[in-house]
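*Asks:* My structure is below; once you've seen it, I'll send some questions.
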Amino acid sequence: MSDRENDNSPEPKETETRKDVSDDHLPGERRSGELAGSDDPFADPGLPPHEPRRQDIDERAAKRSERTVALLFTVSMLATIGFIVSYVAIPIDRIVYIWPIGHISGLNFALGLTLGLALFCIGAGAIHWARTLMSDEERSEERHAVTATPEVKAHVLEEFRKGAEESGIGRRKLVRNTMLGAMALVPLSGVVLLRDLGPLPEDKLRRTAWREGSLIVNENTGEPLRPEDIQVGSLTQAMPSDIDHHDHDFHAEIAKAAVMLVRLEPEDIKDQRSADWGHEGILCFSKICTHIGCPATLYEQQTHHALCPCHQSTFDLSDGARVLFGPAGHPLPQLRITVNDEGFLQALGDFEEPPGPSFWERG
């Protein structure tokens, strides 16, 4: 018989019985907030016990915090008022020296300083209010379904009511009123900045550089024009003699005062008023298109039409420059002209209506 068959020893067993492992580290095995063993890698540290702040137990400290918050909100209001005053009172070209920045715009410095202070004080006041006067007790809740039950909704409303009560917004009227004042004034800064969309037009859009007696000069050469310089069927671009290419506001003025001279046979002029405002068939119209202000100087000799190249507005210069086609809203304004004692063409005054595109104040 083999040794295997003669071996009466018992079958081998488990080497050792495994040590029971405690499952108390699992979240389901502990109450919420209960600390686990130090050897647990998933230990829930829980929440530390709530420690009251000084303002919670000392009403005088709470009053000091309340006054601090109110002071910050009040400074914000004063800074907003300072922003508006600076915008109105400080000239845009005022340069000041600020150490260590150097020479900068006084208006930009004042606006940045006051607006920054106004916004900072609102934020600082809100943070100080939350950290010293509002409730700071931490609470944990179990996760719940996305859709709230009526009980949860009622609970949320109740918590909101309690939060509003704990914040003191109803009880601490000084903080509430100064906060509302600061929040109400800060938007005024943006309203004031709307003025910076451009200077107030006043009547600048209604008047140009043309005056009674202004000589009509060639826009290219700057020489005064005589009637014999304008040939039948030709178109000449001109401007008033009162402005110069070297003037600092030349581009603003020429944008309104630029004109074009066209000479027609007297019998071809259909509008009698237009003929009376001209001289020997020479008519003077604004060359600024009444749509968006492009130069409408593409002239068609046979039809006496002036075309704007931007959006194809077409004007009949033989019929008071009325609109024949395109988006332009009204005819090109005509300038009354005559000849002075020296034989040069001159204006009898300004346009009777504003040249260029329509604007909302035009009426």
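*Asks:* Probe radius 1.4 Å, ligands and nucleic acids ignored: give me the carbon and sulfur share of the accessible area of region 178-275 as a rounded percent.
*Replies:* Working: 3110 of 5810 Å².
C and S atoms contribute 54 percent here.
*Asks:* Just going by the charge dipole of region 117-234, with Lys and Arg at +1 and Asp and Glu at -1 on Cβ, which of VAL175, GLY190, LEU215 is farthest out on the positive end?
*Replies:* VAL175
*Asks:* Per residue, how large is the accessible surface of region 76-119? Use a 1.4 angstrom probe and give square angstrom. Mind dumping the intermediate values first?
*Replies:* On the way: 2730 Å² over 44 residues.
For region 76-119, the solvent-accessible area averages 62 Å² per residue.
*Asks:* Turning to a different aspect of this structure: What does the extension gain come out to for ASP196 and GLN272, with contour length at 0.36 nm per residue minus their alpha carbon separation? Spell out each step's value before the answer.
*Replies:* Details: separation 76, 0.36 × 76 = 27.36 nm, distance 4.52 nm.
Roughly 22.8 nm would be gained on extension.
*Asks:* Using a 1.4 Å probe, how large is the accessible area of ASP203, given in Å² and rounded to the nearest 10?
*Replies:* Roll a 1.4 Å probe over it and ASP203 shows about 70 Å².
*Asks:* Once amide H atoms are built 1.01 Å from N in the peptide plane, which residues 5 or more positions from ALA238, or in another chain, come under 5 Å H to H?
*Replies:* GLU219, VAL259, MET260, LEU261
*Asks:* Here is a further query. For region 158-276, compute Rh as the Kirkwood radius over C-alpha pairs and then the Stokes-Einstein diffusion coefficient at 4 °C and 1.567 mPa s; write the answer in µm²/s, rounded to an integer. Kindly include the intermediate steps, with their values, before the conclusion.
*Replies:* Numbers: Rh = 20.6 Å.
Reported coefficient: 63 µm²/s.
*Asks:* Would you work out which of ILE254, PHE285, ASN340 lies farthest towards the positive end of the dipole of region 254-348, given +1 charges on the beta-carbon of Lys and Arg and -1 on that of Asp and Glu, about the Cα centre?
*Replies:* Most positive-ward Cα: ILE254.
*Asks:* Let me ask something else about it. With all distinct Cα pairs included, what does the Kirkwood hydrodynamic radius of region 218-363 come out to in Å, to one decimal, could you say? Working shown, then result.
*Replies:* Working: mean 1/r = 0.0652 Å⁻¹.
Answer for region 218-363: a Kirkwood hydrodynamic radius of 15.3 Å.
*Asks:* Can you tell me the accessible area per residue over region 127-187, all protein chains present, probe 1.4 angstrom, in square angstrom? Spell out each step's value before the answer.
*Replies:* On the way: 4720 Å² over 61 residues.
About 77 Å² of surface per residue is accessible.
*Asks:* Along the Cα→Cβ direction, 7 angstrom out, place labels at ASP244 and LEU298. What is the inter-label distance in nm?
*Replies:* According to this spin-label approximation, the distance is 3.7 nm.
*Asks:* Excluding GLU51 itself, what net charge comes from residues whose Cβ is under 12 Å from its Cβ, given Lys and Arg +1 and Asp and Glu -1? Kindly include the intermediate steps, with their values, before the conclusion.
*Replies:* Numbers: positive: ARG53, ARG54; negative: ASP56, ASP136, GLU137, GLU138.
Around GLU51, the surrounding residues sum to -2.
The values are calculated or read from the model by the stated rules, or taken from the named source; none is laboratory data. Only a predicted model underlies this, so the values are computations on that prediction, with no experimental measurement involved. Cβ: placed from backbone, ideal geometry, glycine included. Neighbour counts: every protein chain shown. Quick note on the areas: whole protein, heavy atoms, side chains included, nothing else; ligands and nucleic acids left out. Shrake-Rupley method; radii C 1.70, N 1.55, O 1.52, S 1.80 Å.
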